[in-house]
Every structure is written in C-alpha cells, then in structure tokens.
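Each value in this text was obtained by applying a stated rule to the coordinates, not by laboratory testing. Computed from a predicted model, the values in this text were never measured in an experiment. All Cβ positions, even for glycine, are placed from backbone atoms using ideal geometry, and neighbour counts span all protein chains on display.
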Amino acid sequence: MFQSKQKFGEVPKPLTYLQCLNCNTVNSRPFKDGDHIFKEVEEKCPKCGSTKMLIIGIYVREEKAKTRKPSL
Amino acid sequence: MSLLQFGGQQDLASLIATVMWLLFMMIFFFYPTFSQRIQLSYILRDLEKKLNRLKLIRDDVRGRTLYSLRDFSEAGERLDAELDRLLNSFMIYPESMDPYGIVYKLEHIVTTWEDSFEEAVRELCPKADGDRAKTLTNLVEVARGVDYIYRTVRHYYLLGKKTANIYLVLQLQMLMPQIMEIADAYRQASHAFAHGQPIGDGVGVLAVAKLVKDLEKKTYEIAKDTVVQEVSLDGRRLLVLRAVGPGGAVGKPGEGVRKLMEAEGEKVKAIITIDAGLKLEGEETGKIVEGVGVAVGGIGIDKYKIEEIAKKRNVPLYAFVIYESIAEAITPMRESIAKAADKVLEKVKAIIREKVGEGETAIVAGIGNSIGIGMT
C-alpha cells in the first residue's frame, strides 16, 4: 500500500522477547500486532514445550559497532 | 590597428571571448545584486527538492493514519475529511502579558485540547477499545505534527520565493537538515504507533513497571490515565506513579504527584523522577545520568506542579535521565534504551536505600509514553 521501501529508508523492526514461565528460557521472534511488554501469551517454549510465556521486552536489536570509537 | 588587435588579441575567437567577458562583468556593475539572485535561485531549488520530500513523508504518514483508523471506523468516505479536520485543528496558547496564573490557564487549555482530540478520535473509531483509541489518538497527533512541519516549511519557502528574500530562505535552508531528520523520525514514529510498539520515550515507564513487577501491590488511578502502585521495598513504602498502559498515554504525573503529596502529608521523604532526556551529539544512547530536580519533559505544567508542592513541603527531588536523541525518543525502542531500564532500576533502588529511611515513604514517577508497555 505504501511506497516506503522505494522512497524512504527502512524502518527498524523490533523483536519481541519472551520468557518461558516454566523454565525461564528467553527467546525472541519478530513483533506481532497485539504484543505488549508484560503480556502473557500462549506460545510454545522451544526448550521445555510449556505454552505459558511472558513478553519481557520489545526492542530493536542493535548491531555492535564495528568501527572504533571516535577519539573526540 | 585592426579590430582583431583590440585587447592585445590576434584572432576572432579571442576577441569574442574578451567582449563576452566584459559584458558579463558589466552585469555585475549595473546589477549589483545579480550574484545574490543566482544564489537565491540555487537555494530555492534545493529547498524545493526538500519540500517535495517532506510532502512525500507527510502523505505517507497521513496514508498510514487513514489506513489504521479505517479498521475501527464506521465513517466510510467521510473519514478522509474528518481526518483533515483533526489535522488542521489547533490550540491557542493563553495570553502571557500578565503571567500570573499562566500555568493553570495553560493546563486548562491543554487538558481541553487533549480531551477533545481524544474524544474526536473515539467518535471516529467506535470499534476501537480504550487502549487502541489512545494509540490511534497518538497516531493522529503524529500525523498532525508532520503535517504542521510541512505547512510551516512550505509557508517560508513560498514567502521567500515571493519576496525574493535571500535571508529568509537562507535561514530555512540552514534549518532543513534538522527539520528533515525530525520529519523522518515522525514517519518512523507513525509505524510504531500504528502497531502499538514501545518507543524510546517510554523508558521511564518501563523502568518503574520493572520496579513493581513481582511485588505485592495496590493499584489505583490518581489522575487521568495515571496510576499509582503502592509497594514495599526493603522496608520502605514506595508510591510508584506511571501512565496507564499498554495504550499510548503520558498521563498527568504533575497532578498525580500533587494529589499524592496532599494525601500523604508529611510522610513523603523523597520524590524520584525517571525520564528519557535529549542527549547531545556525540553522547552514547542509553547513558544514565543522575541529578537533582524534576525530570519531566513537555510544556512544563507537570514539572511546575511537582516543583511547587515539593518546595512547599520541603521534599528533596532526585532525577534520573536516560539519554537518547529526539528521533530515538519517538521511534521503536532500541536495545541500548531497553537495557538502560534495568540499569536505572538498580540506581533508583540504591538512592531509595540511601535517602529514604526504613518505614518512610517515597514517590517514584516513571515519566513517558506508555505505548506497548502493559501493567505489572
């Protein structure tokens, strides 16, 4: 619908970080509409298979800077 | 002496070049502002290109807003015109010739403006629930902001062109890099608000939400869109104040703190505010700085109210600021900002242990937009 990709720079896409309420494993997936921090969702934990997960963070991952820091 | 020897030249081509050069120099002699005219046309061309880009951004944000509203609206074809009506709405600042009582006059006007704006969006989108309606209101405000930037830049561009005023367009050209950066941040913000993603400005709210997480608490609304969560931490009683989430709201922290102070009397021993703050160029995003005072942005009403009541009761004010740029504040939250919420929490706990005695009470206010940050 919108021509953002051709005309403008890419908008950073956040990831949703989920913590399993059973084994505390944290994993991430792309953000989905309806996600919000501290929301309990029914998604399968990739480690223990439990279906109770808590969204503990939604943020855009930053790549570590490869260039050295400016001296100023 | 032949004509070809004019000016010491020997061939016809050199003669023509010399005459042309002389004519060109005479333009500057008889028309002293010629160079300025050339410069003006270059600046106007540059501004026109940037204005076109600004228009594209404006249209993109407007289109996204319209698309988001349509899902919750029953207005049909009227929606387009209704959105334009909201985009062109305005708020008139109170008269400041006599500054006495200006803050409360300003508060009255801002509250009326915010309420009527939200009400208009709710009427337009009856299918949206409470949180969604707040988020859509934020989205319309973003669209209104970018539309205003576009119209203002266009005004100065056309005025400069009409009056051939180089000083006017020169100033505009100098400001354009920052204006374009802000406009692009608005464009990215429209994505965040359309999807309900947390933004950088919400770091203060995120920090206090983490502070009360897993603690036994009593939650109640103290002012519009503002909640207080009473918790106990290391024997200290904390009144944690934040905007209600996960819909986009900033609440009324000033009014909230004032009401809490009125209700608590002399019990409150410290007021701690946590907010995102604008970093200077060259500074690291997510850096935490601490100081004294009220860390609250906006037009100053909330800051004034907290300062006023704190001074009256002689309560110290401590502040924590998480640095970020203006673009980072309104676009989806970055990793470094999200991680800063955990770090600032430790600092807040440390200051509470240091400045507030056991059995005493402190107010901790997380300032910012609560979009995408639920209640704990």
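A few remarks follow.
- 10 Å Cβ shell holding at most 16 others, DSSP loop, GluC sites (Glu not before Pro): longest site-free stretch of chain B: B:96-215
- Percent of beta bridges antiparallel (DSSP, the protein assembly as shown, rounded to nearest 5): 60 percent
- Distance distribution note for chain B: the fraction of Cα pairs above 41 angstrom is 29%.
- Kirkwood hydrodynamic radius over Cα pairs of the protein assembly as shown, then Stokes diffusion coefficient at 37 °C and 0.692 mPa s, in µm²/s: 131 µm²/s
- Full-stretch length increase - B:Gln39, B:Asn88 - with 0.36 nm per residue and alpha-carbon distance subtracted: 14.2 nm
- FRET efficiency, 1/(1 + (r/R0)^6) with R0 56 Å, evaluated for B:Tyr167 and B:Leu15 via beta carbons: 0.85
- Kirkwood Rh in Å, taken over the stretch B:200-366 so that all alpha-carbon pairs contribute: 15.7 Å
- Taking the number of Cβ atoms within 10 Å of each Cβ as an exposure proxy, the fewest-first ranking of B:Tyr318, B:Tyr42, B:Tyr323, B:Tyr220 is B:Tyr220, B:Tyr42, B:Tyr323, B:Tyr318.
- Working from label points 7 Å from Cα in the Cα-to-Cβ sense, the B:Lys55 to B:Glu95 distance is 4.0 nm.
- Per residue of the protein assembly as shown, the DSSP helices (runs of n ≥ 4 H) give a summed -39500 (n - 2.57) that works out to -16500 deg cm²/dmol at 222 nm.
- Extension gain for B:His108-B:Met26 works out to 23.2 nm (0.36 nm per residue, less the C-alpha to C-alpha distance).
- Cα gyration tensor, the stretch B:56-163 - rounded (a/c under 1.5), prolate or oblate: oblate
- Percentage relative contact order, the stretch B:34-195, counting C-alpha pairs under 8 Å, at least six apart: 38 percent
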